[in-house]
Amino acid sequence: MRVRLRAITTLDPHVREDGTYDIHSVYMDTPTDRALMEKQVGMPVRDKYRIRYYNEDREHFVIERKSKVGSLCDKVGCKLTRNELDRLLAGDIDWMLHDDRRLLREVWLRMKNELLAPRMQVHYTREPVIYGPGNVRVTLDSNIRTGLYNPDFLTEGLVRPRTQSPDFVLL
């Protein structure tokens, strides 16, 4: 499949020389895992919140809300500094209420009212390609590692056990 895709697509401009990049995510959810349950049962309208960094760059972070309404998806995000991330993960969130970024105020509200908090972490390698004429992006994800949220998820060199076999690739 990689060979066929490469014949008709171009590489995503953000990849390393090997055509991949690493994604490190912390997914936020309620104590009852509402976002996870809504996805599993196929709720037509749902939101999920995540914090990400790419490759091993532990100085540039983004917090995102990914929304689904039927078959339509929308993603809204904003950058976080390392200090802001550390405060958010430590539960020091009152600064978010007065921030100019609307998404941070929204996350603050959900953290206060719904007890939204870091719940899961996911790490994987992505191989993205783009098919320009159809505005299509295809991703191959491998080396997938998941687990409950660990406050040490930013620790460099932290060994994360693989969730899938080394040959497993998610299209």
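The values are calculated or read from the model by the stated rules, or taken from the named source; none is laboratory data. Predicted, not measured: the structure shown is a model, and the values here were computed from it. Counting neighbours? That spans all protein chains shown, and the Cβs are built from the backbone with ideal geometry, glycine included. To get the accessible areas, we keep the full protein, side chains included, count just its heavy atoms, and leave off ligands, DNA and RNA. Shrake-Rupley method; radii C 1.70, N 1.55, O 1.52, S 1.80 Å.
Among the GluC sites (Glu not before Pro) in region 1-89, those placed in a DSSP loop whose Cβ has at most 10 other Cβ atoms within 10 Å are Glu17, Glu56, Glu59.
Placing unit charges on the Cβ atoms of the charged side chains and taking the dipole of the chain about its Cα centre, the candidate lying farthest along the positive direction among Leu85, Pro118, Leu36 is Leu36.
Using +1 at the Cβ of each Lys and Arg and -1 at the Cβ of each Asp and Glu in region 1-83, identify which of Thr9, Tyr54, Tyr27 lies farthest towards the dipole's positive end. Result: Thr9.
For the pair Met37 and Arg119, the difference between a 0.36 nm per residue extended length and the Cα-Cα distance amounts to 28.2 nm.
Once Rh is set to the Kirkwood radius over Cα pairs, what Stokes-Einstein translational diffusion coefficient, in µm²/s, holds for the chain at a temperature of 37 °C and a viscosity of 0.692 mPa s?
Rounded, D is 187 µm²/s.
Compared with the alpha-carbon gap, the fully stretched path from Val169 to Asp92 is longer by 24.0 nm at 0.36 nm per residue. From the square roots a ≥ b ≥ c of the eigenvalues of the alpha-carbon gyration tensor of region 1-85, which class results: rounded (a/c under 1.5), prolate (a/b over b/c), or oblate? Oblate.
Take the chain with all the other protein chains still there, run a 1.4 Å probe, and you get 61 Å² of accessible area per residue. What distance in nm separates the simple spin-label points at Val136 and Tyr54, each placed 7 Å from Cα in the Cβ direction? Label at Val136, label at Tyr54, 2.3 nm between them. In the chain, helices alone account for a calculated mean residue ellipticity at 222 nm of -6000 deg cm²/dmol, with every DSSP H run of four or more residues adding -39,500 (n - 2.57).
Basic side chains Lys and Arg get +1 at the Cβ, acidic Asp and Glu get -1 at the Cβ, and with that the dipole of region 1-158 about its Cα centre reaches some 660 debye.
With all protein chains in place and a 1.4 Å probe, the accessible surface of the chain carries 55 percent carbon and sulfur.
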